[in-house]
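*Asks:* Let me give you the structure first, and then I'll get to my questions.
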Amino acid sequence: VYLDAASSDFARQIEQCRTTQEVDRLRIRMVKSYCELVDRLHNESYSMPVRKALNYIHLNLSASLPVEAIAQAIECSPHYLSTLFNRELKQSITEYIHSQRLREAAELLRKTNLTIQSIAVYVGYTDTNYFSRLFRRHYQSTPSEYRKTIRPATL
């Protein structure tokens, strides 16, 4: 699923390339992106419930993700899932979800011109102020400051 989405995105970018230099730069970004995806999604060292939970979280990142709903979706008790998750990933499910949402938000800030509010909703935060506080805590800058720093020439 993730590779298919990445491939579709890169196919659109390939169509927009005008020079061989642009294609070469895109090729390097593609390889790096695919390697990062494989690395991020490579989770054979985790137990089956944790692997199922990770997949569920990544596929439903913009949805409400209480531990109980994740546990129910993967047919496991919430307490057991939380215990396994903490043991294997060294963080709580909630911490993991926040970090993944903020990582996705940073990616959207880099690659799109979506509004901060749209990005917040897209990654699962209905309260833009809460999203901004979490983002600032994680990246030491507000979403708009982050975007200006990371893409000053494109805005």
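*Asks:* Among the lysines, which have Cα under 28 Å from the Cα of residue 90 when same-chain residues fewer than 8 positions away are ignored?
*Replies:* Straight-line reach from residue 90, under 28 Å: 32, 52.
*Asks:* Okay, moving on. Taking every Cα atom in the chain, find the radius of gyration and the maximum pairwise distance Dmax, and write them in Å.
*Replies:* Taking only Cα atoms of the chain, I get Rg and Dmax of 17.4, 55 Å.
*Asks:* In the Gaussian network model of the chain, springs joining C-alpha atoms below 10 Å, which of 116, 14, 97 carries the largest mean-square fluctuation?
*Replies:* Comparing 116, 14, 97 in a Gaussian network model of the chain, the most mobile one is 14.
*Asks:* Same structure again: I want to verify a result. In a Gaussian network model of the chain, Cα cutoff 10 Å, which of these has the top mean-square fluctuation: 13, 117, 91?
*Replies:* Comparing 13, 117, 91 in the GNM, the peak value goes to 13.
*Asks:* Ok, one more. Highest mean first, what order results for 70-79, 17-26, 47-56 on Cβ atoms within 10 Å?
*Replies:* Peptide ranking by packing, descending: 47-56, 70-79, 17-26.
*Asks:* Moving on to the next point. So what is the calculated 222 nm ellipticity per residue for the chain, using -39500 (n - 2.57) for each DSSP H run with n of 4 or more, over all residues, to the nearest 500 deg cm²/dmol?
*Replies:* My calculation for the chain gives -23000 deg cm²/dmol from helical runs alone.
*Asks:* Once you've got the GNM for the chain with C-alpha springs shorter than 10 Å, pick whichever of 111, 90, 32 has the biggest mean-square fluctuation.
*Replies:* Checking each option, the largest mean-square fluctuation is seen for 32.
Every number in this text was worked out from the coordinates using simple rules, so none of it is lab data. Keep in mind it's a predicted model, so treat the numbers as computed, not measured. All Cβ positions, even for glycine, are placed from backbone atoms using ideal geometry, and neighbour counts span all protein chains on display.
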